[in-house]
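The values are calculated or read from the model by the stated rules, or taken from the named source; none is laboratory data. Keep in mind the model is a prediction, meaning the values are calculated, not measured. Quick reminder, even Gly has a Cβ in these numbers, built from the backbone with ideal geometry, and neighbours come from all protein chains shown.
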Amino acid sequence: MKIKFYAIILLLFVFKHTVVLSENLDISVYTGTFDVIDKEGDDQTTLIGVEHRNTDLFRNSFLGKIAPVTGAFMTGKNSLYFYTGIEGQYNIGPMNISPSFTPGYYEKGSGKDLGSALEFKSEIKVGFDLFKDSKLGYSYSHISNNDWGNTNPGTDNQQITFSTRF
């Protein structure tokens, strides 16, 4: 677990310095609890992740401001989830509300079997502006396979998120 954690931190460092060419790069790092509502308590664990938005790709639509979002997280039980999808952006003064929908690839590792490699994450984030181009927030997400897999136990997760624009 420690090796994977350090590998992710190294990847973030390298990623930051290789893509700084875009002036509107928004990177979020987050940590939290995977499977918050685990009735048995055997699958609940920590998670750590990273998310990317390129604000050059924000578009105004009839639903408001939307943008593509891509990210990944790893749990304390070596489960991995890589995802990409869309995120809305709604600002109410210093508060930001960001719902998102992101299909992705899930690998259970020694963690919870979600029933399929294809999983769908729906999430709601509430963040607050800290400094210029930096936010701190809380997010709650649900991941499931929409009954397309062998089983569909789903998982609910909560995270604390820090994001900044480079």
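How about region 102-142: which of its residues are over 22 Å from Lys77 (Cα atoms), of a type in the set (A, V, I, L, M, F, W, C) and either out of contact with any strand residue (DSSP E or B) (no Cβ under 8 Å at 6 or more places or on another chain) or not in a strand (DSSP E or B) (or both)?
Phe131, the sole residue that qualifies.
Within region 153-166, is even one residue free of Cβ contacts under 8 Å to residues at least 60 places away in the same chain, out of contact with any Pro (no Cβ under 9 Å at 6 or more places or on another chain), closer than 21 Å to His52 by Cβ and not small (Gly, Ala, Ser)?
We begin by selecting, within region 153-166, every residue free of Cβ contacts under 8 Å to residues at least 60 places away in the same chain; these are 153-154.
Narrowing the set further to residues that are out of contact with any Pro (no Cβ under 9 Å at 6 or more places or on another chain) leaves 153-154.
Then drop every residue that is not closer than 21 Å to His52 by Cβ, which leaves none.
No, region 153-166 contains no residue that is free of Cβ contacts under 8 Å to residues at least 60 places away in the same chain, out of contact with any Pro (no Cβ under 9 Å at 6 or more places or on another chain), closer than 21 Å to His52 by Cβ and not small (Gly, Ala, Ser).
Answer yes or no as to whether Ser116 is at negative phi and modelled with pLDDT under 90. Even if it seems obvious, please write down each step before you answer.
On the way: at negative phi: yes; modelled with pLDDT under 90: no.
Criteria not met by Ser116.
Residue-wise test of (1) in contact with a Phe, Trp or Tyr (Cβ under 6 Å, 6 or more places away or on another chain); (2) in a loop (DSSP other than H, G, I, E, B); (3) crowded, with 18+ Cβ neighbours inside 10 Å.
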{"site": "Asp26", "(1), (2), (3)": "no, no, yes"}
{"site": "Gly32", "(1), (2), (3)": "no, no, yes"}
{"site": "Asp38", "(1), (2), (3)": "no, yes, no"}
{"site": "Asn60", "(1), (2), (3)": "no, no, no"}
{"site": "Phe73", "(1), (2), (3)": "yes, no, yes"}
{"site": "Thr84", "(1), (2), (3)": "no, no, no"}
{"site": "Asn91", "(1), (2), (3)": "no, no, no"}
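Could you figure out which of (1) without any contact (Cβ under 8 Å) to a residue 40 or more places away in the chain; (2) assigned to a strand (DSSP E or B) isn't true of Asn146?
With respect to (1) without any contact (Cβ under 8 Å) to a residue 40 or more places away in the chain; (2) assigned to a strand (DSSP E or B), Asn146 is out only on (2).
Could you list, ordered by first residue, the pairs with Cβ atoms under 6 Å in which the first is in region 60-80 and within 18 Å of Ile124 (Cβ to Cβ) and the second is assigned to a loop (DSSP other than H, G, I, E, B), at least 6 apart or interchain?
Once the first residue is within 18 Å of Ile124 (Cβ to Cβ) and sits in region 60-80, its partners that are assigned to a loop (DSSP other than H, G, I, E, B) give Lys65/Phe58; Ala67/Phe58.
Going by what's in this entry, would Tyr106 be described as under 12 Å from the mean Cα position of the chain (by Cα), surrounded by 15 or more Cβ atoms within 10 Å (Cβ to Cβ) and of a type in the set (Ser, Thr, Tyr)?
Details: under 12 Å from the mean Cα position of the chain (by Cα): no; surrounded by 15 or more Cβ atoms within 10 Å (Cβ to Cβ): yes; of a type in the set (Ser, Thr, Tyr): yes.
It is false that Tyr106 is under 12 Å from the mean Cα position of the chain (by Cα), surrounded by 15 or more Cβ atoms within 10 Å (Cβ to Cβ) and of a type in the set (Ser, Thr, Tyr).
For residues that are on the phi > 0 side of the Ramachandran plot and not charged (D, E, K, R), scanning just region 122-166, find the one that is surrounded by the most Cβ atoms within 10 Å (Cβ to Cβ). Steps first, please.
So in region 122-166, the residues on the phi > 0 side of the Ramachandran plot come out as 133, 146-147, 154.
Then keep just the ones that are not charged (D, E, K, R); that gives 146, 154.
Working: Asn146: 12, Gly154: 17.
Result: Gly154.
Which of the numbered conditions does Gly64 fail, given that it passes all the others? Conditions: (1) at pLDDT below 80; (2) surrounded by fewer than 17 Cβ atoms within 10 Å (Cβ to Cβ).
Single failed check for Gly64: (1).
Of the numbered conditions (1) closer than 14 Å to Gly154 by Cα; (2) assigned to a strand (DSSP E or B), Leu47 fails exactly one; give the number of that condition.
(1)
Any chance region 34-43 includes a residue that's closer than 20 Å to Gly127 by Cβ and within 15 Å of the chain's Cα centre (by Cα)?
Initially, region 34-43 is screened for residues closer than 20 Å to Gly127 by Cβ, giving 36.
So of that shortlist, the ones also within 15 Å of the chain's Cα centre (by Cα) come out as none.
Scanning region 34-43, I find no residue that is closer than 20 Å to Gly127 by Cβ and within 15 Å of the chain's Cα centre (by Cα), so the answer is no.
Would you mention how many residues in region 23-52 are without any contact (Cβ under 8 Å) to a residue 60 or more places away in the chain and within 20 Å of Pro99 (Cα to Cα)?
3
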